[in-house]
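Engineer: Structure in structure tokens, see below.
The values are calculated or read from the model by the stated rules, or taken from the named source; none is laboratory data. For clarity, every value in this text was computed on a predicted model and none was experimentally measured. Here the Cβ positions follow ideal geometry from the backbone for every residue, glycine too, while neighbour counts run over all protein chains shown.
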Amino acid sequence: MAGQMPYLEFLGRLHEALRPATYLEVGVRAGDSLALSRSKSIGIDPDFAIKCPITCDVALFKTTSDEYFSRPDPLAPFHGAPADLAFIDGMHLFEFALRDFINVERCSSPSSVVVFDDIFPRKVDEAARDRHTRVWTGDVYKIVEVLRQYRPDLTLLLVDTGPTGLLLVTGLDPDNTVLTDHYDEIVEKYVVDDPQDVPPAILNREGALAPEKLLRSPVWGSLRRSRRPWVSRERARVEMTEALERPTIYRARRRELRRTATRTVKQGLRQVKALRSR
Ligand SMILES: C[S@@+](CC[C@H](N)C(=O)[O-])C[C@H]1O[C@@H](n2cnc3c(N)ncnc32)[C@H](O)[C@@H]1O
């Protein structure tokens, strides 16, 4: 199997590391990925047939993602709270994945993580828009190039999972309209007939991160802390970038912050004790 870790194992460990309060999934099928959630969840799929035990508090919607997101309040099951973690694994055609991302980002916050499945087809046949293989990625892989080009503000993490890779997107901006504004031009350029011209960089998984190493990154703690309402978008971005790019320095700074906080609390307690004993 291609990939250093099965995607479901990676997703399960991502849930543990990120501890999202809310989880949104597009494409549920039998519930294998939804079963990993311990958070308040939304599942959207026009044709799901759950076969796994689901232990989270979930609102399931038997409908397409386009229909679901056209509703006046798609975050109603979360009482308006954003989705801390989302998994886009519905219709494996580029324009559907793009629309899912546009809609999911509107339901996100700067500390959310959006995961795409199937960004690394192993051969051109798997990437066909007209499905004719058992494992089918379709042309979802094009989302990587489009996000790099139109949304350089986002952080993209390509992950070497099996069978067909994951893309994690962070640094989200629910108010950004660039993709909506350029939707027609993007679809015009990227939706083309089979066979798809899959770039060698995609087939060779260039730039894909080792899943084990990524899961051990301090970035998940930084994103958890950035959910606090007083943390600004800019602060969240600075913390996330340092945690990802300079993990040793980030960890040392966090340790120093904890030491200072402990010293301050102890000092305060000593002062209270001294006042009381007067
Ligand atoms: C690959 S399966 C999902 C697998 C699941 N996420 C897992 O990992 O166990 C894709 C699912 O997307 C659903 N789907 C297809 N078109 C969709 C759409 N327009 N909106 C939402 N879901 C869709 C299909 O019914 C199918 O169950």
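Engineer: Quick one: which of 203, 214 is within 19 Å of the chain's Cα centre (by Cα) and either modelled with pLDDT of 95 or more or in the same structural domain as residue 89 (by TED's automatic domain parsing) (or both)?
Structural biologist: From the options 203, 214, the qualifying one is 214.
Engineer: If you check every pair at least six apart or on different chains, which have Cβ atoms under 7 Å apart with a residue in segment 182-211 that is under 25 Å from residue 4 (Cα atoms) first and a residue that is at pLDDT 95 or above and in a helix (DSSP H, G or I) second?
Structural biologist: Note: pairs meeting the criteria are 198/124; 198/127; 211/10.
Engineer: So which residues in segment 1-31 are aromatic (Phe, Trp, Tyr) and more than 17 Å from residue 212 (Cα to Cα), if there are any at all?
Structural biologist: Restricting attention to segment 1-31, the residues satisfying the condition of being aromatic (Phe, Trp, Tyr) are 7, 10, 23.
Within segment 1-31, just 23 meets the criteria.
Engineer: On the basis of being in contact (Cβ under 8 Å) with a residue 24 or more places away in the chain and within 30 Å of residue 228 (Cα to Cα), does residue 154 make the cut?
Structural biologist: no
Engineer: Among the residues of segment 154-181, count how many are farther than 21 Å from residue 13 by Cα and touching a helix residue (DSSP H, G or I) at 6+ places or on another chain (Cβ under 8 Å). Spell out how you get there, then give the answer.
Structural biologist: Going through segment 154-181, the residues farther than 21 Å from residue 13 by Cα turn out to be 154, 172-181.
Imposing the further condition that a residue be touching a helix residue (DSSP H, G or I) at 6+ places or on another chain (Cβ under 8 Å) reduces the set to 154, 172-174, 176, 178-180.
Total meeting the criteria: 8.
Engineer: Does residue 195 qualify as being surrounded by 11 or more Cβ atoms within 10 Å (Cβ to Cβ) and touching a Cys at 6+ places or on another chain (Cβ under 8 Å)?
Structural biologist: Judged against the criteria, residue 195 is not a match.
Engineer: Would you check if residue 110 is in contact with a helix residue (DSSP H, G or I) (Cβ under 8 Å, 6 or more places away or on another chain) and part of a loop (DSSP other than H, G, I, E, B)?
Structural biologist: In short, yes.
Engineer: Evaluate the following for residue 112: is it away from the ligand (no atom under 13 Å from the Cβ), of a type in the set (Gly, Ala, Ser) and under 28 Å from residue 214 (Cβ atoms)? If you could, list the steps in order and put the result at the bottom.
Structural biologist: Numbers: away from the ligand (no atom under 13 Å from the Cβ): yes; of a type in the set (Gly, Ala, Ser): yes; under 28 Å from residue 214 (Cβ atoms): yes.
Yes: the conditions hold for residue 112.
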